[in-house]
Each structure stands twice: as C-alpha cells, then as structure tokens.
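Coordinate-derived values only; no laboratory data. Just so it is clear, the structure is predicted and the values come from calculations on it, not from any experiment. Virtual Cβ from ideal backbone geometry, glycine too; neighbours counted across all protein chains shown.
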Amino acid sequence: MGLRYLADTHILLWALNRPERLSQGIRSVLSDGDAVVRYSPVSLWEIAIKYGLGKLDLLGHSPEEFFVELESSFFVYRPLDPQALISSYRLPSHHRDPFDRLLFWEAIQGDLVLLSADAGSDAYTQGGLRVIH
C-alpha cells in the first residue's frame, strides 16, 4: 500500500472550488488513482464555524451543500480518534490555530502525510509531521 494522506481544510476547499490554487505537488497526489486522501471532521467543524462568522466564502454554497459535494468526491472520511484528541496537548505550540494544530497531530498520530498550504506546518516536521505543500 502506498502513502496515505490527510487533506487540510484549505486543500479540501481548493480541490472542490478553486483547483487552480493547488500546488503541482498536491495536484499530483490528488490525481494519483492509488492515493487514499482522507479528510477529518475537524475540517468540517472549521468550515462551519468560519462560514457562520462570515470569514469563509463557499462561492454561494452553504456548508451543507459543500459537504454533499465532498461526500461525492474522491476524498475519504477519517473518523477522529479520541486518543488523538486527548493526547493533542503534547504537540508543541509553534502554531496557534486550534484547527490546524489538531490536523497536524492527526497526521502525526495516524502516520499520514498532510496535504497543506500552511507553511506553519513546517515547524512540526522535526516532531514527525510529513507534509506536502
């Protein structure tokens, strides 16, 4: 089995709504028919919160409509492991965004390669995070 991936929230949004914003490296992964690219419920929560605060434009769609599109895509849902939640305090505080931090920790704990546009993730590579920007 090849590498397994976890897409961060930006990658989900861009893959479905603005694919031109994706890097060539991430496009290569997403177009690889053998790659398993997962998404976290953390991203769904982030989308709902930021949409509700008016900080996220879903191009005229609601979070529910985005979710329908996501569910019919090639992305695979990955349930959130309670052990990842309870142990997330062990992740150093290099990055302040709680959504990003939990996605970083999920990738580390799940032995997944993170697909991310967030350069802040690089601070965690010494702690085991593997990332493609």
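Data for the structure
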quantity	calculated
With at most 12 neighbouring Cβ atoms within 10 Å, loop trypsin sites (Lys or Arg not before Pro) (DSSP) excluded, longest segment of the chain	1-54
Furthest towards positive pole of dipole, Y124, Y51, S73, structure part the chain, Cβ charges	Y124
Shape category assigned to the range 22-133 from the gyration tensor of Cα positions, a/c cut at 1.5	oblate
Computed magnitude of the charge dipole of the range 1-115 (debye, nearest 20; Cβ of K, R +1, Cβ of D, E -1)	340 debye
The range 4-132, relative contact order [Cα under 8 Å, separation at least 6], %	33 percent
Rough spin-label spacing in nm, given labels placed 7 Å along Cα→Cβ, for D111 and E69	3.4 nm
Under the Karplus curve 6.51 cos²θ - 1.76 cosθ + 1.60, θ = phi - 60°, whole-Hz ³J(HN,Hα) for the range 52-66, x wherever Gly or Pro sits	x, 7, x, 9, 9, 9, 9, 6, x, 9, 8, x, 5, 5, 4
For the range 1-40: rounded, prolate or oblate by the Cα gyration tensor [a/c cutoff 1.5]	oblate
Shape call, the range 93-133: gyration tensor on alpha carbons, a/c limit 1.5	rounded
Share, in percent, of DSSP beta bridges within the range 4-132 that are antiparallel, nearest 5	0 percent
